[in-house]
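The values are calculated or read from the model by the stated rules, or taken from the named source; none is laboratory data. It should be emphasised that the depicted structure is a prediction, and the values quoted were computed from it without experimental measurement. Quick reminder, even Gly has a Cβ in these numbers, built from the backbone with ideal geometry, and neighbours come from all protein chains shown. Calculation scope for accessible area: heavy atoms of the full protein, side chains included, ligands and nucleic acids excluded. Shrake-Rupley method; radii C 1.70, N 1.55, O 1.52, S 1.80 Å.
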Amino acid sequence: MKNILLIISAAALLSVCACSTATPVPTIEGSYAYEHAFSYDMYGNHFDVHETGTMDFYADSTALDSARQVYTVTFPEGDTTSIVFNYISPSIWRLEGDTLFFAGIKDRFRMEVLEGNERVTEMAQKIVAAYSGGIDYEYHFHIDTLSTDRLQWSFAYRDGHRDTWEFNRQEK
């Protein structure tokens, strides 16, 4: 009987040790690449935006969101043009359960026009002002996936539509 209890105890101990060391628990800290697209209407114009960037989360609860944003602007009469921005947003974050609290740091935020024509200069300034004005708002993103190679979060807007961002972890 002692031998059977010893064998069962040893097997239980081995299975506990194997389970606790087999798979590391993923953390949000790290560097991610992403692509994201969204659209909206503002100032009577329609904006289709595509961004390609990196998101770096640091253990000290800071983050850096850097992206190249390409805005395709459709004017009311149907003409289109593009504005390209360099978007740089140092931010702060904290994770509580499956909610990521995320806000930009207003005095360190930059959004620079890289390409655009005369017609969009004033519009580009309005876009930058709109982002700058609310960059320090704390968003509450739902973490849909957090694994060793992928992060996905989503956000529900006041009007009820939902948006999702997918990030792929990069090696540093």
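Scanning the range 44-65 for residues that are under 22 Å from residue 83 (Cβ atoms) and of a type outside the set (A, V, I, L, M) returns 44, 45, 46, 47, 48, 50, 51, 52, 53, 54, 65.
Quick check on my filter: what residues within the range 79-124 are part of a helix (DSSP H, G or I) and closer than 24 Å to residue 28 by Cβ? Listed by number, the residues that qualify are 106, 108.
The residues listed here are 117, 168; of these, the one that is surrounded by fewer than 14 Cβ atoms within 10 Å (Cβ to Cβ) and under 14 Å from the mean Cα position of the chain (by Cα) is 168.
In the condition set (1) more than 16 Å from residue 67 (Cβ to Cβ); (2) not in a strand (DSSP E or B), residue 127 is compliant with all but (1). Screening residue 103 against (1) closer than 17 Å to residue 83 by Cα; (2) open to solvent by less than 70 Å² (accessible area, probe 1.4 Å); (3) of a type in the set (A, V, I, L, M) leaves a single unmet condition, (1).
All of (1) out of contact with any Ser or Thr (no Cβ under 8 Å at 6 or more places or on another chain); (2) of a type outside the set (Ser, Thr, Tyr); (3) within 17 Å of residue 49 (Cα to Cα); (4) surrounded by 13 or more Cβ atoms within 10 Å (Cβ to Cβ) hold for residue 112 with one exception: (4).
Selection within the range 130-153: residues that are open to solvent by 50 Å² or more (accessible area, probe 1.4 Å) and part of a loop (DSSP other than H, G, I, E, B). The member of this set that is nearest to residue 95 (Cα to Cα) is 138.
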